[in-house]
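Chemist: What follows is a structure written as structure tokens; I'll ask about it next.
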Amino acid sequence: MSNKQQGSSRREFLQTTGRVAAATALAGVVVPRVHAAENNTIQIALIGCGGRGTGAAKNALSVTNAPIKMVAMADVFSHRLEASYNGLKPQFEDKIDVPEDRKFIGMDAYQKAMDCLKPGDIAMFTTPPAFRWVHFGYAIEKGLNVFMEKPTSVDGPSSRKMLKLADESVKRNLKVGVGLMCRHCKARKELFNRIKDNQLGEIMLIRAYRMSGPIVTCFSERKPADKAELPWQIENFHSFLWLSGGIFSDSLVHNVDEACWMKDAWPVKAEAIGGRHYRGNYIDQNFDSYAVEYTFADGTKFYLDGRYEAGCKSDHSTTVQGKKGIAVVSQAGHMPSKARMYRGQLVGDQNDKTTADNANLMWAWGDKEPNPYDLEWEDLVDAIVNDTPYNEVQRGTQASLVTAMGRMAAHTGQEITYDQMLNCEHEFGPDLDKLTLNSPSPLLALADGSYPVPQPGLLTKTEY
Ligand SMILES: NC(=O)c1ccc[n+]([C@@H]2O[C@H](COP(=O)([O-])OP(=O)(O)OC[C@H]3O[C@@H](n4cnc5c(N)ncnc54)[C@H](O)[C@@H]3O)[C@@H](O)[C@H]2O)c1
């Protein structure tokens, strides 16, 4: 059955069961879920059973717009898969049907997990982003809908691959969500509409910050002698550019995406600075601070700062300044956004109704913001059930590419244009579709156990 047919039969089935359920509810009888599930349950396979994978599985299994069930799991490490399974199973007892022979471990585990699905089901990609194009290519072959985490790509070559696959997946009518969940936030959506409605006036400047101490695995000390290189790098993937695009791409892609969304354009070039201040015994490839100046085609600037140093001021926000006023897109993280607009250029304290600035409040979403991590799943499943066009890969990859453009500008000390980034030939991890856990890593340690790092001004064509 084609994906389209699958979608329409599911839609018809759900409409029918919806009608039956409504009628039965009137009679005071509960329709058993097992009945509603027959053949029309959306099956999911979780590939990459870490923190986000487990969280995304919870969001997926909580959707209310279709019956859904997890039937397979895959990871390169059995302890990660088991921890995820043991965390999910008690919470979603009847929605998790993953016996031992549908738990797959290894570099080819992704194929085996997707082989358990039928066309129209959903494969979830929550591994480090290096493997996205490999996994996505296989999902397309199998006619599967997909949810994939951000970033979708880490460099020029992987972005080109993903854009090509995006086209192919659109042609095949696959529904694909990308984990830039802020795009599904109702408050930010209304803010975007108000900006489009010219309520803020012409946008003059956008600023975004992700300033924290060291997060996730962004700083690594030398590999312990008893660990094999490739699995150890995968475990510490934010430390290595080939796996994640570094902490810059991993953390800042959200700010880049929401900032460019509000501008309704992608920047054409970037200049940036950054450095490695307190490295101690850390040997990862990241800088610990970055400052990027993006330029849009009309000359508007977007300033983006990232800092991962302990003891400094924290900030996780995105702000848009227009001729008539200022808008908060994010105030302190992804949710709640606290989206709002003020006349003038001063942001008031939304929690303190007495501040003078609140007199200038033009609009605020208010207190109750639905969780965008849930909404992105409701939206994906809705598109599958109703067979409406739904594919976020091109946009997600453009956001990933623009993020990489800022990172490359900092790492090389050069101005990098969108086209240069897109056409850049430096492929951080070639042939990842052939990688096994015994392969040498695409990134080899130097004799002293450290790794090649960016050298702005010295290495100007490649990032390391
Ligand atoms: N949208 C968000 O807010 C958000 C939040 C956190 C993470 N993420 C994204 O989710 C992804 C995963 O991040 P995480 O924090 O869950 O990391 P994690 O290390 O907790 O989980 C990654 C999992 O993938 C497994 N894995 C690695 N390579 C694999 C492969 N080739 N095949 C199968 N499994 C493999 C790892 O063993 C691990 O269990 C990243 O792309 C990250 O940027 C998004």
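Chemist: Pairs of Cα atoms under 8 Å, at least six residues apart: use those to get the relative contact order of the range 176-292, whole percent. Please report the intermediate quantities before stating the final value.
Modeler: Details: 109 pairs, mean separation 31.8, N = 117.
Relative contact order of the range 176-292: 27 percent.
Chemist: What order do you get for Val154, Val253, Val216, Val453 when you list them from fewest to most C-beta neighbours inside 10 Å?
Modeler: Numbers: Val154 31, Val253 27, Val216 15, Val453 18.
The most exposed by this proxy come first: Val216, Val453, Val253, Val154.
Chemist: Once you place label points 7 Å from the Cα toward the Cβ at Asp431 and Glu82, how far apart are they in nm?
Modeler: 3.4
Chemist: Run the quick spin-label model on Met211 and Lys324: label points 7 Å from Cα toward the beta carbon, then report their separation in nm to one decimal.
Modeler: So the label points at Met211 and Lys324 sit 3.1 nm apart.
Chemist: Where the eigenvalues come from the Cα gyration tensor of the range 89-154, what are the semi-axes √(5λ) of the equivalent ellipsoid, largest first, in whole Å?
Modeler: Taking √(5λ) for each eigenvalue gives 21, 14, 13 Å, largest first.
Chemist: Tell me the mean residue ellipticity at 222 nm calculated for the chain from its helices only (DSSP H runs of n ≥ 4, each -39500 (n - 2.57), averaged over every residue, nearest 500).
Modeler: -11000 deg cm²/dmol
Chemist: Could the peptides 325-335, 198-208 be put in order, highest first, of the mean number of other beta-carbon atoms found within 10 Å of their residues?
Modeler: Working: 325-335: 20.5, 198-208: 17.9.
Output ranking for 325-335, 198-208: 325-335, 198-208.
Chemist: Right, here's the next one. In debye, nearest 20, what is the charge dipole magnitude of the chain about its Cα centre with +1 on Lys and Arg Cβ and -1 on Asp and Glu Cβ, if you could check? Numbers along the way, then the final one.
Modeler: On the way: 53 positive and 56 negative charges, 183 e Å.
The dipole of the chain has a size of about 880 debye.
Chemist: Note down the relative contact order for the range 246-342 as a percent, whole number, built from C-alpha pairs under 8 angstrom at least six residues apart.
Modeler: RCO, the range 246-342: 20 percent.
Chemist: In nm, give the distance between the simple-model label positions of Val170 and Glu141, each being 7 Å from the Cα along the Cα-to-Cβ direction.
Modeler: 2.4
Chemist: For Cys49, Cys218, Cys312, Cys116, what ranking results if the residue with the fewest other Cβ atoms within 10 Å of its Cβ goes first?
Modeler: Numbers: Cys49 29, Cys218 25, Cys312 13, Cys116 18.
Fewest to most other Cβ atoms nearby, the residues stand as Cys312, Cys116, Cys218, Cys49.
Chemist: Additional query: Using the 10 angstrom Cβ neighbour count as an exposure proxy, how do Lys269, Lys313, Lys223 rank, fewest first? Intermediate values should be presented prior to the final figure.
Modeler: Values: Lys269 19, Lys313 8, Lys223 16.
Least to most surrounded, the residues fall as Lys313, Lys223, Lys269.
Chemist: Sort 65-74, 274-283 by packing, meaning the average of other beta carbons within 10 Å per residue, with the highest value first. Please report the intermediate quantities before stating the final value.
Modeler: Numbers: 65-74: 22.6, 274-283: 13.7.
Per-residue mean Cβ counts within 10 Å order the peptides as 65-74, 274-283.
Chemist: A further question follows. Could you calculate the contour length gain from Asn423 to Lys118, that is, 0.36 nm times the residue separation minus the distance between their Cα atoms, to one decimal place in nm? Let's see the in-between values first.
Modeler: Working: separation 305, 0.36 × 305 = 109.80 nm, distance 3.58 nm.
Result: 106.2 nm gained on full extension.
Chemist: Sort 126-139, 101-114 by the packing proxy (mean of other Cβ within 10 Å over each peptide's residues), most packed first.
Modeler: Details: 126-139: 23.8, 101-114: 19.2.
Descending packing order for the listed peptides: 126-139, 101-114.
Chemist: Ok, one more. Between Arg52 and Ala265, what is 0.36 nm times their sequence separation minus the Cα-Cα distance? Round to one decimal in nm. Each step should come with its number before you reach the end.
Modeler: Working: separation 213, 0.36 × 213 = 76.68 nm, distance 2.84 nm.
Gain on stretching Arg52 to Ala265: 73.8 nm.
Chemist: Please tell me the relative contact order of the chain in percent, rounded to the nearest whole number, where contacts are Cα pairs under 8 Å and at least six residues apart. Can you show the working numbers first?
Modeler: Values: 988 pairs, mean separation 86.8, N = 464.
With pairs under 8 Å counted, the relative contact order is 19 percent.
Laboratory data are not the source of any read-out in this text; all were calculated from the coordinates shown. Since the model is a prediction, treat every value here as computed from it, not as a measurement. Positions of Cβ are backbone-derived with ideal geometry, glycine not excepted, and every protein chain shown enters the neighbour counts.
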